[in-house]
Amino acid sequence: MSDTMDLRKAVIQSLQDAGADIVRFGNVERFSDPCLKKLMPEVRTVIAAAFRQLRGSRRGIEEGTTYYQYTTMSVENLEEVVMPMALHQACGVLEMAGFEALPQRRNLLVMAENDGTNPEVDYTEIYRGIPQENHLDFEQCAIDAGLGERGLSGSILTDEFGPCIRWVFILTDAELEPDPVAVPHLCDKCGACIAACPGKALSADGKRDNWQCSVYYNGANRSKNPFMPPDAFADDPERLAIIAGEAELTPERAREVLDQIVFYPPIKHAYRSSICGKACDTACYIHLEETGKLTRKFKTPFRKRPEWKLSVED
């Protein structure tokens, strides 16, 4: 067996030992993101590693009971603990073999847009106006690496876990055998992701308004937020529209609404607690499970009871 095949197996084993569920290799020629060559001109292979968001971390939001597990376990823990350690170990394997290895995790507090936001973090903590060529297009690189396909909402869908993953990359000058790019077959454009959003942040073609998303990711819709007090948004002229998920918010208005959302404690590292639990991805997962498209099977379906909602009028 060749040394490169042994190295490929060693990298996979290292990532799996650190918690990775999917590992894919892609030759740099098939990647469309020019940032790869800027970050590492000698890059020959891009390694992608995806980590499942535990299905159980969404259970509390699905049942309307406990909420912090999704953000702490499926966002913060993966981004700040699990995936950095996996990158460290796998890059060490490549370095021990004499190759360069550049770890790449998503920087959630950096973006190119001067007036953009990331719903998962505190909008006041974001560094804006950083040129796009200085950081990877994580979604496009995931597709080019062979992790999965892009769904209607923009989420990356995998055969095993649907959209419920987070992922990282390693850029290396080692030439390692590539995996094939995934042939799209999961997303049937059913629109479940669009219908599930509590704030109508997704348009009919799946385009996301990140400011609208941020407000309702944080729990502005009363029908899906058991922590909202009766006097929420009491002095806001659009109060009823906001709590019904009907308000159409500009970035300026979204900031004003976000500043009034103090219903649930934030998480560390500038992460905001998700009250919707990424409802679009949850709905997509349920649809893929119900249509039998997921290869990872469970003894019971994720949605066991009719979806609950609270009365906005009350």
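For the condition within 27 Å of ARG272 (Cβ to Cβ) and touching a Pro at 6+ places or on another chain (Cβ under 7 Å), what is the one hit in GLY56, GLY64, GLY26, GLY19?
Exactly one residue qualifies, and that residue is GLY64.
Check whether at least one residue in segment 211-225 is within 30 Å of LYS309 (Cβ to Cβ), in contact with a strand residue (DSSP E or B) (Cβ under 7 Å, 6 or more places away or on another chain), surrounded by 17 or more Cβ atoms within 10 Å (Cβ to Cβ) and not acidic (Asp, Glu), and report yes or no.
no
Hey, does segment 230-251 have a residue that's among the aromatic types (Phe, Trp, Tyr) and under 27 Å from ASN77 (Cβ atoms)?
no
Kindly provide the set of residues from segment 15-46 that are farther than 14 Å from PHE169 by Cα, charged (D, E, K, R) and touching a residue at least 12 places away in the same chain (Cβ under 8 Å), ordered by number.
Matches in segment 15-46: ASP17, ARG30, LYS38, GLU42.
How about segment 243-271: which of its residues are within 24 Å of GLU113 (Cβ to Cβ) and of a type in the set (Val, Ile, Thr)?
Residues satisfying the conditions are THR250, VAL257, ILE261, ILE267.
Is there a residue being modelled with pLDDT of 95 or more, outside any helix (DSSP H, G or I) and more than 24 Å from LYS9 (Cβ to Cβ) anywhere in segment 49-56?
yes
Looking at segment 15-23, is at least one residue outside the structural domain of PRO265 (by TED's automatic domain parsing) and assigned to a strand (DSSP E or B)?
Within segment 15-23, one or more residues are outside the structural domain of PRO265 (by TED's automatic domain parsing) and assigned to a strand (DSSP E or B).
More than 22 Å from the chain's Cα centre (by Cα) and either surrounded by 18 or more Cβ atoms within 10 Å (Cβ to Cβ) or among the β-branched types (Val, Ile, Thr) (or both): does that describe THR45?
Against the criterion (more than 22 Å from the chain's Cα centre (by Cα) and either surrounded by 18 or more Cβ atoms within 10 Å (Cβ to Cβ) or among the β-branched types (Val, Ile, Thr) (or both)), THR45 qualifies.
Would you mind stating whether TYR285 is buried (at least 17 other Cβ atoms within 10 Å of the Cβ), modelled with pLDDT under 95 and either assigned by TED's automatic domain parsing to the domain that holds LYS200 or assigned to a loop (DSSP other than H, G, I, E, B) (or both)?
no
Going through segment 86-145 one residue at a time, which ones are in contact (Cβ under 8 Å) with a residue 40 or more places away in the chain, out of contact with any Ser or Thr (no Cβ under 9 Å at 6 or more places or on another chain) and of a type in the set (S, T, N, Q)?
GLN104, GLN132, ASN134
From the list GLU160, GLU149, GLU175, which one is among the charged types (D, E, K, R) and either buried (at least 18 other Cβ atoms within 10 Å of the Cβ) or free of Cβ contacts under 8 Å to residues at least 60 places away in the same chain (or both)?
Just one listed residue meets the conditions, GLU149.
Looking at (1) assigned by TED's automatic domain parsing to the domain that holds LEU78; (2) on the phi > 0 side of the Ramachandran plot; (3) not aliphatic (A, V, I, L, M), which is the only condition TRP167 fails?
Result: TRP167 fails condition (2) only.
Against the definition (modelled with pLDDT under 95 and either within 19 Å of CYS193 (Cβ to Cβ) or outside any loop (DSSP other than H, G, I, E, B) (or both)), how does GLU133 come out, yes or no?
Taking the combined requirement at face value, the residue satisfies it.
The values are calculated or read from the model by the stated rules, or taken from the named source; none is laboratory data. If you're wondering where the values come from, they're calculated on a predicted model, not measured in any experiment. Cβ: placed from backbone, ideal geometry, glycine included. Neighbour counts: every protein chain shown.
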